[in-house]
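Contents: one structure, followed by commentary.
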Amino acid sequence: AAFISFVMQTAGIDAREFRPSAAHGTSIDGMIADAREFPHQAPFIPHRVRDRVAAPGDLLCADRSSRPLANWQDRAGDQGRFRPMHCDIVIRNHHGVVEAIGGNIQDAVTMARFPTDRRGILLPAPPGAPQWFAIFENRLGRLPPWTALPNPEASRP
């Protein structure tokens, strides 16, 4: 969580759009709450893993607990309780593999490759591995570039 929070802060994402935390659950709960309260403006939208082709910038989140969450709706009902989780940032989805980077795995930032079906949907993790429960669609930066409005004072004689 510290790595993802660092990346978001370094990229200029403010704490209102992504809640930095040492625990993934805090950031995940914030993204779910914003998606529910502001579905058209939320910077991240949760999807079930089998319903979305992971795209660059999306967050891929797994539950490391002994009774893993099946999907993001289960986390919404978890009422903010702590769970051991992990999230990676998707960097590419091509040729049957999602490539993603994550931190704090064996004290390193690493890139991992996860298999997909022919459509690009992630395949279930093998037994014993953390199970993906959500893909958070990254909608940051989707607005058109800002352009200054004409200055009405400049057109006066």
Item to complete: Would you be so kind as to identify which of HIS24, PRO43, ASN93 lies farthest towards the positive end of the dipole of the chain, taking Lys and Arg as +1 and Asp and Glu as -1 on Cβ and the Cα centre as origin?
Response: ASN93
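So, for segment 12-63, what is the accessible surface per residue at a probe of 1.4 Å, expressed in square angstrom?
Accessible area per residue, segment 12-63: 46 Å².
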Worksheet item: Expressed in nm², what is the orientationally averaged projection area of the convex hull enclosing the Cα positions of the chain?
Response: 11.8 nm²
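What net charge do the residues around ARG113 carry, taking every other residue with its C-beta under 13 Å from that of ARG113, with Lys and Arg at +1 and Asp and Glu at -1?
-1
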Discussion item. I'd like the accessible area for MET111, computed on protein heavy atoms only with a 1.4 Å probe and all protein chains in place. Round to 10 Å², please.
Written reply: 80 Å²
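Using a 1.4 Å probe and counting only protein heavy atoms, arrange HIS94, HIS40 so the residue with the most accessible area comes first.
HIS40, HIS94
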Practice prompt. Please get the size of the charge dipole for the chain, origin at its Cα centre, with Cβ charges of +1 on Lys and Arg and -1 on Asp and Glu, quoted in debye to the nearest 20.
Written response: 300 debye
Worksheet, complete the sentence: For TRP132, the accessible surface traced by a 1.4 Å probe with all protein chains present amounts, in square angstrom to the nearest 10, to 40 Å²
Worksheet item: How big is segment 70-136 by the Kirkwood estimate over distinct Cα pairs, in Å?
Response: 13.3 Å
Practice prompt. Just subtract the alpha-carbon distance of ASP74 and ALA33 from 0.36 nm times their residue separation and send over the number in nm, one decimal.
Written response: 13.4 nm
Worksheet entry | Under the Karplus curve 6.51 cos²θ - 1.76 cosθ + 1.60, θ = phi - 60°, whole-Hz ³J(HN,Hα) for segment 76-84, x wherever Gly or Pro sits | 4, x, 6, 6, x, 5, 5, 9, x
Practice prompt. Rank these by accessible area, largest first, 1.4 Å probe: LEU59, LEU123, LEU140.
Written response: LEU123, LEU140, LEU59
Worksheet item: How much of the accessible area of the chain, in percent, comes from carbon and sulfur atoms when a 1.4 Å probe is used?
Response: 55 percent
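The values are calculated or read from the model by the stated rules, or taken from the named source; none is laboratory data. What you see is a predicted model; the values in this text were computed from it and never measured. Positions of Cβ are generated from backbone atoms using ideal geometry, with glycine treated the same way; all protein chains shown enter the neighbour counts. Calculation scope for accessible area: heavy atoms of the full protein, side chains included, ligands and nucleic acids excluded. Shrake-Rupley method; radii C 1.70, N 1.55, O 1.52, S 1.80 Å.
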